[in-house]
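*Asks:* Handing you a structure now.
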């Protein structure tokens, strides 16, 4: 699966979300399964709002099915939604797949995760 194709599909989705009054503050694709399987990603988003977490995830998944073709969606193994940019940044920079700073550094050096920004 070409990352570029997936990113293009997600950008189309984000355009529709903004039109729907639900703009994504920040988004990224993180390598799924610690980067051990090429072409699979975790979609991480910052979506403000007062809904419960599961409601936001359900909304995003439904919108993915509506606006992103299935051949592109196959590259997404999961969706993580945060309420704020600060929570998003903390997860991406410090908490992604690690229980400690030492483990985070080991995983980053071993698996060389690639952060793919897809929305400012």
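*Asks:* Among the residues of the stretch 67-93, write down those that are under 26 Å from residue 2 (Cβ atoms), assigned to a helix (DSSP H, G or I) and touching a residue at least 24 places away in the same chain (Cβ under 8 Å).
*Replies:* 67, 71, 72, 73, 88, 91, 92
*Asks:* Please verify whether residue 38 is in a loop (DSSP other than H, G, I, E, B) and either at pLDDT below 85 or over 14 Å from the mean Cα position of the chain (by Cα) (or both), treating the condition exactly as stated.
*Replies:* Yes; evaluated as a whole, the condition is true for this residue.
*Asks:* Search the stretch 41-63 for residues being over 18 Å from residue 91 (Cα atoms) and at pLDDT 90 or above, and hand back the single one that is surrounded by the fewest Cβ atoms within 10 Å (Cβ to Cβ).
*Replies:* Once the filter is applied, the top-ranked residue is 62.
*Asks:* Within the stretch 94-116, can one find any residue that is at pLDDT 80 or above, in a helix (DSSP H, G or I) and in contact with a strand residue (DSSP E or B) (Cβ under 8 Å, 6 or more places away or on another chain)?
*Replies:* no
The values are calculated or read from the model by the stated rules, or taken from the named source; none is laboratory data. A quick note: this is a predicted structure, and the numbers were derived from the prediction, not measured. Quick reminder, even Gly has a Cβ in these numbers, built from the backbone with ideal geometry, and neighbours come from all protein chains shown.
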